[in-house]
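The values are calculated or read from the model by the stated rules, or taken from the named source; none is laboratory data. For clarity, every value in this text was computed on a predicted model and none was experimentally measured. Note that each Cβ is placed from the backbone with ideal geometry, even for glycine, and that neighbours are counted across all protein chains shown. Note: areas computed on protein heavy atoms with side chains; ligands, DNA, RNA excluded. Shrake-Rupley method; radii C 1.70, N 1.55, O 1.52, S 1.80 Å.
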Amino acid sequence: MEKNLKNVLVISFGFLLLFTAYGGLQSLQSSLHSEEGLGVASLSVLYAALILSSMFLPPILIKKLGCKWTMAGSMCCYIAFSLGNFYASWYTLIPTSVILGLGGAPLWSAKCTYLTIAGNSYAEKAGKNGKDIINQYFGVFFLIFQSAGIWGNLISSLIFSQASNKVEISKENLACCGAYDCMTDTTNTTGSSEVSNSLIYTLLGIYTASGVLAVLLIVIFLDQIKSDQAENEKEILETPSFWSTFLATFQHLKDKRQCLLIPLTMYSGFEQGFLSGDYTKAYVTCALGIHYVGYAMICFSAVNSLCSLLFGKISQYTGRKLLFALATVANTACIIALLLWKPHPKQLAVFFVFPALWGLSDAIWQTQTNGLYGILFEKHKEAAFANYRLWESLGFVIAFGYSTKLQVYIKLYILLSVLVLSMVMYGAVEYLEAKSSPGTPTSIKKENVGPSTQETRM
């Protein structure tokens, strides 16, 4: 096997193992640790740490440790989070969330740097176009990586479905499910109380083992970047310099279009935070039980992956405006329906309709917003995507931060308000673009923006 392709596969399966564990664990945080909002508080802290990490750590760690050992060390941060869940408390989960957040940005940056260097190296030897090879490597990576959400959630649902003491949820408890939840410590825990500690420890043990295997895979099988490639790596990290990039992130806000896109970018964090933090807890866990959370999130992940591929292809024919309109209609319909619907176990199919439609919408928000950034700010991509990561992560922080303070219906109204504001601001961006360059097609061009999308997904 071609050596560089072997390294691509090692990284891909390493990330698959790592995010099989993290993805499943993130979906369960609000349900497993609902006391005093510990679960969603940990996720809010995690994304706040990710913001700081994105600004400072990646260039420093990669320069000192190299790509391989930065990836291995960052993966250990994810394992620490899994271990913190064994004895979840404010003294274990919050610190490990900070550790994971700090390790997130270096992990993704090291991966992107490694694949870029490997692609350029092979292209130079084979006499091929470096950009084409890099795109192929990223394509292989995301083909393997995208299934992590499915496997992680499948494992959790299969394990929790083994609970022998399943109880029927009473009418009183069902009345506290949905948009008008009762906001008490016992609310939404009825569906998770049926799971024994032994099953939780079994799941956490599997997730931790999966993370350890990921680290071993990287340490044992991933090749170091050769000495003749070190200069290339140094150039990638130092051009432009760290401080100039850091300052450029905030200087980029002088661009009126970037400011107008802030609500849309933050909405991406809001809507993902609502699904994984509130829908899973107030609807699925509350009315069906925690063992259904994984199945609901599998539905979301599968539809999201398929639609990301589909919309990435058809956007050149439909244009981004039509796709943004479709996502807006789908999300608005879901929000209104969630406000009106009283979840009941007999309506099993409905619990999967919402994550499916949410996955369709999220696929558009991710692919088209990234593509929009790539087109509008083609000459300042690094600063633009740094802003993308910053504002989307801030959306996550806010969504998880107020999760335990507000009733679900208020959060749905906030979500709807931010969505409306986002579309108004986005319309202003399109108007400015049409005014400045009439006759220029607005359809999304094919951009290699996958890495930036996934960085915010941790």
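Which numbered condition trips up Phe242, out of (1) at pLDDT below 90; (2) under 30 Å from Cys182 (Cβ atoms)?
Of (1) at pLDDT below 90; (2) under 30 Å from Cys182 (Cβ atoms), only one is false for Phe242: (2).
Test Ala21 against the stated conditions and say whether it is of a type in the set (Gly, Ala, Ser) and part of a helix (DSSP H, G or I). Reasoning before the result, please.
Values: of a type in the set (Gly, Ala, Ser): yes; part of a helix (DSSP H, G or I): yes.
Here the answer is yes, as Ala21 does meet what is asked.
Given the conditions (1) touching a residue at least 40 places away in the same chain (Cβ under 8 Å); (2) surrounded by 15 or more Cβ atoms within 10 Å (Cβ to Cβ), report the number of the one that Leu432 does not fulfil.
Only one criterion in (1) touching a residue at least 40 places away in the same chain (Cβ under 8 Å); (2) surrounded by 15 or more Cβ atoms within 10 Å (Cβ to Cβ) is unmet by Leu432, namely (2).
How many residues does the stretch 87-125 hold that are open to solvent by 10 Å² or more (accessible area, probe 1.4 Å) and of a type in the set (Lys, Arg)?
1
Could you tell me whether the stretch 30-43 includes any residue that is of a type outside the set (Ser, Thr, Tyr), open to solvent by 40 Å² or more (accessible area, probe 1.4 Å) and modelled with pLDDT of 85 or more? I'd like the intermediate steps shown before the answer.
Going residue by residue through the stretch 30-43, those that are of a type outside the set (Ser, Thr, Tyr) are 32-33, 35-41, 43.
Imposing the further condition that a residue be open to solvent by 40 Å² or more (accessible area, probe 1.4 Å) reduces the set to 35-36.
Filter once more, keeping what is modelled with pLDDT of 85 or more: none.
Within the stretch 30-43, none of the residues are of a type outside the set (Ser, Thr, Tyr), open to solvent by 40 Å² or more (accessible area, probe 1.4 Å) and modelled with pLDDT of 85 or more.
Would you check if Ala330 is at pLDDT 85 or above, in a helix (DSSP H, G or I) and buried (at least 20 other Cβ atoms within 10 Å of the Cβ)? Can you show your working first?
Numbers: at pLDDT 85 or above: yes; in a helix (DSSP H, G or I): yes; buried (at least 20 other Cβ atoms within 10 Å of the Cβ): no.
Answer is no for this residue.
May I ask you to list pairs of residues, at least six apart or on different chains, whose Cβ atoms are under 6 Å apart, with the first in the stretch 120-138 being assigned by the TED database to the domain that holds Trp108 and the second being open to solvent by 50 Å² or more (accessible area, probe 1.4 Å) and part of a helix (DSSP H, G or I)?
Gly130/Asn120; Ile133/Tyr122
Give me the residue from the stretch 400-458 that is outside any helix (DSSP H, G or I) and at pLDDT 85 or above and, out of that set, nearest to Leu261 (Cα to Cα).
Our first condition is that a residue be outside any helix (DSSP H, G or I); within the stretch 400-458, this holds for 402-407, 437-449, 456-458.
Still in the list and also at pLDDT 85 or above: 402, 406-407.
On the way: Tyr402: 23, Leu406: 26, Gln407: 28 Å.
Restricting to residues being outside any helix (DSSP H, G or I) and at pLDDT 85 or above, the top hit is Tyr402.
Taking only pairs six or more apart or across chains, which ones have beta-carbon atoms under 6 Å, a first residue in the stretch 402-413 that is of a type in the set (Val, Ile, Thr), and a second residue that is open to solvent by less than 50 Å² (accessible area, probe 1.4 Å) and assigned to a loop (DSSP other than H, G, I, E, B)?
Going by the 6 Å Cβ cut-off, the qualifying pairs are Val408/Ala179; Val408/Asp181.
State whether the residues of the stretch 304-320 include one that is modelled with pLDDT of 90 or more and not assigned by the TED database to the domain that holds Gln146. Step through it out loud before you land on a result.
Pass one, the stretch 304-320, residues modelled with pLDDT of 90 or more: none.
No, because not a single residue in the stretch 304-320 is modelled with pLDDT of 90 or more and not assigned by the TED database to the domain that holds Gln146.
Looking only at residues that are open to solvent by 20 Å² or more (accessible area, probe 1.4 Å) and charged (D, E, K, R) in the stretch 365-405, which one is farthest from Gln251 (Cα to Cα)?
Lys405
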